[in-house]
Structure formats: structure tokens, C-alpha cells
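Each value in this text was obtained by applying a stated rule to the coordinates, not by laboratory testing. A quick note: this is a predicted structure, and the numbers were derived from the prediction, not measured. Neighbour counts are summed over all protein chains in view; Cβ atoms, including those assigned to glycine, are modelled from backbone coordinates with ideal geometry.
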Amino acid sequence: KNVPSGFPRGFLWGGATAANQVEGAWNIAGKGISTAEVVKRSTNRKDFTMNQITKQSLTAAINDSSTTTYPKRRGVDFYHHYKEDIKLFAEMGFKAYRLSIAWTRIFPNGDEAEPNEQGLLFYDHAFETCCKYGIEPVVTISHYEMPLGLTLKNNGWAARETINEYTKFTKVLFERYRGIVKYWLTFNEINAAVWGFNGTGALDDDLPNDQKMQLRYQALHHQFIASALAVLQCHKLDPEAKIGCMLARMQTYAKTPAPLDVRAAQLQDQLNLFFTDVQVRGEYPNYMNRYFYDNGIELKFAADDEEILAKGKVDYLSFSYYMSTVTADDNNITKATGNFALGEANPYLTSSEWGWQIDPVGLRIALNELWDRYQIPLFIVENGLGAVDELTPDRKIHDDYRIDYLRKHIIQMKEAIQDGVELIGYTTWGPIDLISASTSEMAKRYGFIYVDQDDEGRGSLTRIRKDSFYWFKKVIASNGREV
Ligand code: BG6
């Protein structure tokens, strides 16, 4: 057999956003409040952790209408700029645009019997605009948010009842967008469930650590079931559509060749691949039984859960990739100063301004590993560099650092394709500047398109093409030959 010469024909080049990070318009056209809209902006950039919420701070947030303190309420006003923004994506030549649906536009509180027509109309128009330019929408059903009503009523995904609310929501989407949306994703970075509130919509701050993890893994189990049911529903309602899972892939390396470090890295890897093991293979892997036993976690399975998981296997695997990590045995640890880098500093890599270790070759490794393990189509649905951009007096943004980051990753993607990996697309994170998921800053920019707005929400919201805009346009036009 021949070695592929490069990116396949029909490769889905594009960009990805999430409703709560771009749309704004948080309280109009019948929309309810979402869990993302009660999370505060962090003011200390170096102290990176995924911002969480406590029972106490939730009450304060509900009674506060500020869009400065809670920036995901304002996003970058995509709700009113979507035509202009999608037109700019089309100008770059996008083949695909990954966006998410705000659950609260469709079911404001989560538990209504009927959907909110005004909310659906917004997505009708967004998809029509994509279609006009020949851009394939890739739709995340739930991206780091859910109706706050379901947090108050069910403690989010902690309760099994939330599965029914999600299934009601997905049915509306599959019926309405049959033949329009060909690529669905059930949950963004489903592994975020074990990180806390953003993933589960469950308040667990006052629980001791063991109970916290018990709650999160049970909430995750409910998401697995909801996801598998959505796969079955989608296959039935729109057999032409493809539906996938989405993992925040954390490629990790052993700190040294010492067998204990290698074993620690292997376990770390399993704890990341566990999520896709369930969603791609349709069952919990054995190594998790040991992990649950060691950590005193006992999951409640309903009678037909195993069957649902076995039947509801995904069609493709999508993932985000930003960085790699280093893992050491407990006795050999020196923590990285970076933030998301939940482990050791890698002396062979440089980091972003936010401490994320930049590792293009790690992407090739991740692609090969995922392909070897699962043999189903892979889709990179997030990758990019969060950086501070400077607007020059003549209103330009010379973001060569971003071009450099993306170029190196694209080169490694091509290597992986030549290694034999089936990769169907690449949507970079935040093609237009947006609100950061973790810290809700505006200053952490990923876009090819600059948005004139600062951390306090001041600015004209004008869109400006950065240098990377013209570069990415060439990459797409040449199907990855010119990088
Ligand atoms: C991913 C999320 O984890 O990383 C996105 O799916 C997020 O929602 C992206 O924006 C980058 O993270 P951050 O914190 O820099 O916005």
C-alpha cells in the first residue's frame, strides 16, 4: 500500500467555539441562565485552575446581573455578529465550523416540556449561514454548561433524572437538524466531569475528597449513559449523521526510565483514556475496577446500563490537544510551575504564557496511540495557542508566535497521516477571540480574528483580521501543503 502524500481530499479544516464563550445575549429571547454564567472571572492569571463555584458563591451570582464579573454572559456577542463572523470564517476557506448549542436557549430551565422556539431559530439561522458558504457545522451538544435549573433541582449530573432531560433535548436537536448537521459531539471534554462543576454542573465543594470523587464518577456515569442514548437516538433519527465523543487528550511521558515512573505514567494515561475506552469500546475497562476499589468508589449501574453502553458506541473520536505532561512516581515528584500542566515540567519543551507546555510531536504520538487503540476516525476539534496580542497603532496584529505554534502542529498531523492514522479534520480552538473557559479572561486570545474587547468588557467589539488569518487561509487553500 502507498503512504499517503498528505491531507486527504475533503479534510475538514476549520475552527471551534463554545456557545458560552462567544454568544453573549445571556438573558434574551427566552434564554435561561446556564452553569457557565455563574462562574467568575479570575483576576490572577498565574494562578490557573479551572474556576469553580461554591454553594455560597452561587447565591451571590444568581442575585448579581454583572457581565463584567461573569464574562461568559457577554461572550463576544456572536449572537448578534454571527453573520459577520461566519462570513469571515468563509473568507479563510473554512470547510467546517464547530459550535455548541446553549442548552438554556432551547430548554431555559432544563425541565420544560416544550422547547423554546426562539432559541431554536437562532441556530436555524447560524446553520443556514454556514450552509450558504459550504461550511459543515460540527455541533457539540453540551460544552461545559447546562441549565442552572438542573443544578438547583438535580445537582446537575449527580442525579440520574438528568439523563431524561438531556435525551429530551437531543431528540429536539436530531429531529430539527436532520440532514443539516452531519457531525455531532455529545459532550465537550467529557473527562472534565472528574474536574468538578464545569463538567458535572454539580455542587460538591463542601464534600470531603473521597465523597467528591464518588459524586463525580457517578455523575460521569450518567453522562456516559446519556451520551450512549444520544448515539442510539441519532442513528435512528438521522442515519446519515455521525456522532462522536470528545476527550481532552493529555499525552503524558514518564519522567525517567525508572520502571516506577513508567508505571505511574501508564496509569496516568489509562485514567485519561478511560473515557474513550467506555465510549468507543462500549464498556468500562478492567483497570478502572482496580482504581475504583483502591479509591473507595462504588458506582450505581441501572439494570440496562451495560447494554446501553455496549450499543451506544460512537462513530468517531474527537479530541482537544494543547500540551503534554510529565508523570513521575510519587517519590520522584517536582511540580511544574505551569498551571493546566498537572504534573512535571518537561525540560525539553517551552511553555505558553499560561504555562501550557508546547509539544507538537506529542500530537503525532497522541494520534498514533489513539488510532492504534481504537481504529476509528479521529478528529482534532481543538488546538491552539492562548496568548496576549498587541494591536498596533495601524490596527494590525502580528501574531507570528501563533502561526509558529499551529504550523508545527499541522506538520506533525501530516506525519501522523503518513503513519497511517485516519484523521478527518482539524478545527483550531477559538478562530475568533473569545472568553477563556478556565479563567474567563478576554486577554487570553486564540483567534485568527481579533475582537476589540478587554477583560472588563470594554471595547467596540470590532473584528480585525490578524496575520494568522491570511496564513491559515493559505494553509486551507493548499490543503495543508503550504504551511
Ligand atoms: C478546552 C475547552 O479545554 O480548552 C475550551 O474545551 C477552552 O472550552 C479551551 O476554551 C482553552 O482553554 P482556556 O482556558 O484557555 O479557554
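Under the classification rounded if a/c is under 1.5, otherwise prolate if a/b is larger than b/c and oblate if not, where does region 12-477 fall, given a ≥ b ≥ c as square roots of the Cα gyration tensor eigenvalues? Taking the square roots of the gyration eigenvalues as a ≥ b ≥ c, region 12-477 is rounded.
Take each peptide in 89-102, 386-399, count the other Cβ atoms within 10 Å of every residue, and average; sorted highest first, the result is 89-102, 386-399.
For region 1-41, backbone nitrogen atoms closer than 13 Å to the point 7 Å from Leu237 Cα along Cα-to-C-beta are found at no residue. Among Tyr287, Tyr374, sorting on how many other beta-carbon atoms sit within 10 Å of each Cβ, with the fewest leading, yields Tyr287, Tyr374.
Let a ≥ b ≥ c be the square roots of the eigenvalues of the Cα gyration tensor of region 106-159; is it rounded (a/c under 1.5), or, if not, prolate (a/b larger than b/c) or oblate? Taking the square roots of the gyration eigenvalues as a ≥ b ≥ c, region 106-159 is oblate.
Convex hull of alpha carbon positions in region 246-405: directionally averaged projected area 12.4 nm².
Look at the dipole of region 12-477 built from charges on Cβ: of Thr151, Thr59, Tyr177, the Cα furthest out on the positive end belongs to Tyr177. Expressed to the nearest 5 percent, the antiparallel share of DSSP beta bridges inside the chain is 20 percent. Secondary-structure-derived ellipticity at 222 nm for the chain, considering helices only, amounts to -12000 deg cm²/dmol, per-run term -39500 (n - 2.57) for DSSP H runs with n ≥ 4. A dipole drawn for region 12-477 from +1 and -1 charges on Cβ atoms has a positive end, and of Tyr82, Leu247, Gly199 the residue lying farthest that way is Tyr82. Membrane-span-like helices of the chain, defined as complete DSSP H segments with a Cα extent of 18 Å or more along the helix axis and a mean Kyte hydropathy of at least 1.0, are absent. This ranking places Trp157, Trp471, Trp195 by how few other beta-carbon atoms lie within 10 Å of each, fewest first, which gives Trp195, Trp471, Trp157. Compared with the direct C-alpha span, the chain from His80 to Lys300 gains 74.8 nm at full extension, assuming 0.36 nm per residue.
For region 72-114, the dipole from Cβ point charges (+1 on Lys and Arg, -1 on Asp and Glu) about the Cα centre works out to 240 debye, to the nearest 20.
Each of Ser42, Ser34 has some number of other Cβ atoms within 10 Å of its Cβ, and from fewest to most they run Ser42, Ser34. Peptide packing for 440-448, 213-221, 459-467 was compared via the average number of neighbouring C-beta atoms within 10 Å per residue; ordered from the highest value, the list is 440-448, 213-221, 459-467. Rounded to the nearest 20, the Cβ-based charge dipole of region 1-78 about its Cα centre (Lys and Arg +1, Asp and Glu -1) stands at 260 debye. For the chain, the Cβ-based charge dipole about the Cα centre amounts to some 980 debye (Lys, Arg positive; Asp, Glu negative; other atoms uncharged).
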